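Asker: Here's a structure for you.
The values are calculated or read from the model by the stated rules, or taken from the named source; none is laboratory data. Here the structure is a predicted model, which is why all the values come from computation and not from measurement. We place every Cβ from the backbone using ideal geometry, glycine too, and count neighbours over all the protein chains shown. The protein model used for the area step is the full one, side chains on, heavy atoms only, and it has no ligands, DNA or RNA in it. Shrake-Rupley method; radii C 1.70, N 1.55, O 1.52, S 1.80 Å.
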Amino acid sequence: MPLPPRTDMERFNENMDVYTRPLHHIVPMFINLTSLHIVGDWVSTNFLSCVAQVRNLLTLDVRDSFIASNLQPWVPLSDLPLRELTVLRCRVKPFGAENQAAVHLCNAFLSRSPNLISLEIDSFLAWAAGNVLSNLRPPASIASFSCSGVTPQDPHNTLLGHTLLALPAVTALKLSRAPRDFSTRIPADALRNLTNVTGQMKSLILFLGARRPLQYLTITDLPFTSVGGVAWESQLIHFFEVLHRQSIILKGVAFNISHWSQEVLLCISQLWQGIQELKIQCTDGPGVDQSFQISFGPHYLPRLSKLEVLHIYSTSSLYSHGTHRISKKGVKNVVQYPLRLTNEEREDIAEAPVHYRRWEKICPSLREVAFDREVWWRRATTEPGGWSFVRDVIPALVQESN
């Protein structure tokens, strides 16, 4: 009697060793691979040698993965084409093992990647990366550097200063935390090309002065009331005034706030009339209402004559629940709106392009508006009108509590 056909589960069990092998074991099969993202995987001992066989790799992103403590070292004999490297939230397994894995990763991907322009790491690689970058000759050409930073108790906080000094090409920096005296460890001639900084307010203040050409700031603090009882809105206004006194001419700013604030918006429009990007994430309640959309144009746009991008939205979206389809003449896309909105509210939202066409007469540079995290409008052409609906999730601002 012939044997019954095998079930899919039996085939899966028979080949279990194939299914449970780490993803990077099959990477060498794809010789033309240019981008590799590994999330939640097991990085085994021969990871470096596997990746080394992909000679066209431009982007390597490893996140939330366990890395073998006995990771085998590998140093390329020739330069790599790698341009973007991200290693975040990775840990060595078994826990407590001597961490040579981070050293091997940095020696492999930092020492011979002259075209690397973006590096995003956390404390797992910070020490090893700092040592490699500080000794590279010529200096690395990294333009975007993101690091979790250091605390006053961190024995490697001096090394971070040396690392930043060794990155003269950096224009964008994200530093989650830094001790208050960190500015004294950054030589005045470091980061002379820095234009874009992301971090907590107390970290951002460290990079003022020294004639750095700062233009874009992202403040990652969550709204809080200071120990002295100063409201978050007042803290923001004070911070912006400090920037202005330092002759910082901002082209873009992004920050969190509980509810949109007329006082904060007025402060920005008075200090930087040439600002081009304004992104405000409201952490409590809705972002703005219809009355704001009616009043914003005549009240604020005459002061913000070069504004191109305006986002003021809540962390939660009105569009996350049941939907109802609405189309309106003059709107290029069919829009889905939540059932819980009233007919009047649906009609007001559908009228959004009418407001924007009025706004562009006051501010011809305006090209993107968002008052909801999942919905925004873009003007695709420089011709009058032409606003089209976009349904997608705007990446939330990084949120960090103080």
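Asker: Give me the distance in nm between label points sitting 7 Å out from Cα along the Cα-to-Cβ direction at L208 and S365, one decimal.
Answerer: Taking the two extended label points, one gets 2.4 nm.
Asker: Something else about it: Jot down the per residue volume, in cubic angstrom and as a whole number, of the convex hull over the alpha-carbon atoms of segment 224-309.
Answerer: Expressed per residue, the convex hull around the Cα atoms of segment 224-309 is 93 Å³.
Asker: Determine, from the Cβ-Cβ distance of N135 and V39 and an R0 of 30 Å, the FRET efficiency 1/(1 + (r/R0)^6), rounded to the nearest 0.05.
Answerer: Taking R0 as 30 Å, the efficiency between N135 and V39 is 0.45.
Asker: Now for a separate question. Where does the charge balance sit around L58 when Lys and Arg score +1, Asp and Glu -1, over other residues with C-beta under 14 Å from its C-beta?
Answerer: Charge balance in the 14 Å sphere: -1.
Asker: Here is a further query. Using amide H atoms built 1.01 Å from N in the peptide plane, name the residues 5+ places from S146, or on other chains, whose amide H lies under 5 Å from its own.
Answerer: Those qualifying (amide H under 5 Å, at least 5 residues apart or on another chain) are L119, E120, I121, K174.
Asker: Here is a further query. Amide H neighbours of R373 under 5 Å, at least 5 residues apart or on other chains, H built in the peptide plane: list them.
Answerer: S314, L318
Asker: Just the accessible area per residue of segment 17-139, please: how many Å² with a 1.4 Å probe?
Answerer: 50 Å²
Asker: Also: Once the piece of chain linking T59 and L23 is laid out straight, how much longer is it, given 0.36 nm per residue of separation minus the C-alpha distance between them?
Answerer: Here the answer is 11.4 nm.
Asker: While we're looking at this one, here's another question. At a Förster radius of 41 Å, what calculated FRET efficiency corresponds to the Cβ-Cβ distance of R358 and N193, to the nearest 0.05?
Answerer: With R0 = 41 Å, the Cβ-Cβ based efficiency is 0.55.
Asker: How much length, in nm to one decimal, is gained on full extension between S234 and F30, taken as 0.36 nm per residue of separation minus their Cα-Cα distance?
Answerer: Extra length from S234 to F30 when fully extended: 68.0 nm.
Asker: Report the paramagnetic label zone for Q246: residues of segment 212-226 whose backbone N is under 17 Å from a point 7 Å from Cα along the Cα-to-Cβ axis.
Answerer: 212-221
Asker: With all protein chains present, how much of the accessible area of segment 63-153 (probe radius 1.4 Å) comes from carbon and sulfur, to the nearest whole percent?
Answerer: 54 percent
Asker: In addition: Give me Rg over Rh for segment 28-126, both radii from the alpha carbons and Rh done the Kirkwood way, two decimal places.
Answerer: 0.93
Asker: Below 11 angstrom from the Cβ of T34, what's the summed charge of the other residues (Lys, Arg +1; Asp, Glu -1)?
Answerer: Within the 11 Å Cβ shell, the charges total +1.
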